[in-house]
Structure formats: C-alpha cells, structure tokens
1. Kindly provide the set of residues from the stretch 118-151 that are buried (at least 18 other Cβ atoms within 10 Å of the Cβ) and under 23 Å from G251 (Cα atoms), ordered by number.
2. Which fully enclosed strands (runs of 3 or more DSSP E) of the stretch 132-248 have 1 or more residues being more than 23 Å from Q83 (Cα to Cα) and either touching a strand residue (DSSP E or B) at 6+ places or on another chain (Cβ under 8 Å) or at pLDDT 95 or above (or both)?
3. Which of the residues spanning the stretch 112-131 are in a loop (DSSP other than H, G, I, E, B), modelled with pLDDT of 90 or more and not β-branched (V, I, T)?
4. Hey, could you check the stretch 264-307 for residues that are part of a helix (DSSP H, G or I) and of a type in the set (S, T, Y) and say which is farthest from N320 (Cα to Cα)?
5. Can you tell me how many residues in the stretch 228-259 are of a type in the set (V, I, T), within 15 Å of the chain's Cα centre (by Cα) and surrounded by fewer than 17 Cβ atoms within 10 Å (Cβ to Cβ)?
6. Return the total of residues in the stretch 123-162 being under 19 Å from A178 (Cβ atoms) and of a type in the set (A, V, I, L, M).
7. Starting from residues that are touching a Leu at 6+ places or on another chain (Cβ under 9 Å) and closer than 29 Å to R187 by Cα, keep the ones in the stretch 319-347 and report whichever is modelled with the highest pLDDT.
8. Where the second residue is aromatic (F, W, Y) and the first is in contact (Cβ under 8 Å) with a residue 24 or more places away in the chain and lies in the stretch 266-291, which pairs have Cβ atoms under 9 Å and are six or more apart or on separate chains?
Amino acid sequence: MIRAMTEPIENRFGLASGVWCKATQMFSFPTPEHPDNGAVSRRYPGNEMKGIFLSTKVVPRHVPLALRGGGTFVVWLKGDIMQTRIVLVGSGHLAHALFLGWQRDGAVHRTIHVLARSTRLFAELWTPEEQTHITFDPDILQTADIVVFTVKPKDMSDALSAMSPYLNRQALVLSPVAGYSLEQIRRRLPHQGLVRFMPNICSAIGASVTLFTPDGLTAAQKTMVESLIAELGPMLEVEESLINPMTALLGSGPAYVYLFMEAVIQAGEQLGVDRELTRLLVGRMIEGSARLAEHEGATPLSQLIRQVVSPGGTTEAMLNVLKKAEWGNTLTGALLEAGERAIELGQYSA
C-alpha cells in the first residue's frame, strides 16, 4: 500500500485538464523497481481517478519522507472533485470525534452531515459552525455514500429499523457500536456493504488505533473504507471475534489512561507542583514511554520496569504501594469486566 496526500498546487505536470485537490486515498498497485514518471487510472463509482508515478527527484516536499524512496502515488481528480457523502447517525462524543478526524485536513473531497436524534450535547460538544452540519431530517440518508451509526448499543436496533427505509442500496454502513455484531446488522440491512469498526475518541486528532472487519464489500469499496479509517490513525483488519475484547482494550483505552493521568496530576498537586504543568509533562512522559516500548518491542515490559527501578529509590517505593493494593490485578479485572460487558450488550440488543 502506498499513501500520499496532495496539497492544492498548480497543474505542473502538463495535464490538459483537471483539478488538484487536498485528498487522502490509499491504493494497491505494483511499484516499479525503477520508478519513473508514468500514469495509472482506476475507476470508482461515478468518478474517474488518475494518478501519477513521480520519481524521487520531483516528489513535492509535502509528501511524507517515508514515501520518497519509491514510486509515489498522487491523486488527481479529473473533472468534478470527488465528493464522498458521509452521514453520522448520532451526535454524541464518538460522532464528534469522527467528525473532527475526517475534517482535519479540510476534506474538500467529502461532505459530512450529522443526523442528530436529540439536542442534549449540542452546546457541550458542537461549535456553532459545526452545528451547521447537523440535521434532524432522515432524508439526508438517501444520497449518502457512507452511513456511520454512532448510537448507544441499546438504541441500535431501533435506529436501524427507523433509518433503513431511507438508505440507498449503494450506501456502505459502518458501525462502531459496542457488542453489536455484523450478523445482527445484516438481518436488518441485507443489501448493504457493512463494516464493523472500533475507533476511540483520539480519532479527533488522527491518533486512534482502529480495528475493522468488512462484510460484503467490493474491492473498490474496501479501498475507500481503508482510506477513510486510515485518516483516524493506525488501523488493522481483524476477524470480528476480536472486536469485542479489543473494545475493552482500545475503544475504552483512553479512559483508563486519563484516569492514570488524573491520579498522577493529583499527586503532583499534593507535592506542590502546578496542575497544568504536571498535566503537560505527564502527557509527554506517557508518549515517550509508549514510544520506547514500541521501539524495544522484543524487550519484556517487566525488564523495562526494572530499568527504571533503583533499590531503595522512589520508583521502588511507588511500586511497593501498587503491589500491596494489587493494582495490576484490579486493572486486569476491570478490563475483563469491560470485555464481558461488550458481549452482554450484543446479547441485550439481539
């Protein structure tokens, strides 16, 4: 897979007509052993998309460095700029995070609407400008290319029943609803291409870790979905059986990270450290620790812990308190409970 982003630039490659636009797309194609300028085109529903292989000498500076070593694929849209129409059903926290994640780079190649079911979180989450994307009219679904259900698990069956008459058959349906299986969705939407995926609220800044399982998609549709999910952060296609347990580990993950941060911040206050400073530094500490754990992937985490501990030092004192409180067992038990709850939610919604 090769991924590239284009910025609005002049038509400098001698193409007779067309528009350069900001876009993020992912494509599969053979990369030449000796990349030279050349052309490739692929057809998506209603759009002709052309790309150019660029040699490393002419790759624009905005293309990520990691892509400069080989053939780079830059999207060129011939004629009208492709407009993918996305509708988020629901206006809660995850809907808002997805909205922000898919709007981060201007998203001139798509339109996003939010089909709200209540006004409860409007003032808390959505700015006045963002609220211009919100509607209560289900007719918006009739022209949608992608529909994302971001409702509570207990409301999913009713939402599918209420919205299904408005869906066109070509629309893809994505669901991040905890515990609600593809089979359950398929019973209510027998003709749609489906994707079950599990992002988290870090989608808002493109930093989620998102697992997904497609069902009934064409190759072109899957490519489009992969491109969309990739904008939210790292992604991985998995068997659906992993979605429920990973909901507890990844979907709920930011909450227990923030709980840990809050505990450290409170301790910092009691030790006389400014709260805002502690929050900033703790965030950087977590980021650095995660990067080191990833870099030292073959090293057991227990060994990394030992690298921090000095006999009789501050880290040992902290760890002794946590061990006495059986903190590790408590956290493991909490995650297992979350995983079991995801399964229960699916059974409750069946």
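1. W126, I146, V147, V148, F149, T150, V151
2. Working: elements: 146-149, 172-175, 193-198, 210-215, 235-237.
Correct list: 193-198, 210-215, 235-237.
3. Hits for the stretch 112-131 are A116, W126, P128, E129.
4. Initial filter on the stretch 264-307 (part of a helix (DSSP H, G or I)): 264-270, 275-295, 301-307.
If we keep only those that are of a type in the set (S, T, Y) as well, we get 278, 289, 302.
Numbers: T278: 23, S289: 20, S302: 15 Å.
Of everything passing the filter in the stretch 264-307, T278 is farthest from N320 (Cα to Cα).
5. Counting residues in the stretch 228-259 that are of a type in the set (V, I, T), within 15 Å of the chain's Cα centre (by Cα) and surrounded by fewer than 17 Cβ atoms within 10 Å (Cβ to Cβ) gives 1.
6. The qualifying residues number 6.
7. A338
8. I286/F260
The values are calculated or read from the model by the stated rules, or taken from the named source; none is laboratory data. Please read these numbers as outputs of a predicted model, since none were measured by experiment. Every residue, glycine among them, receives a Cβ derived from its backbone with ideal geometry; neighbour counts consider all protein chains shown.
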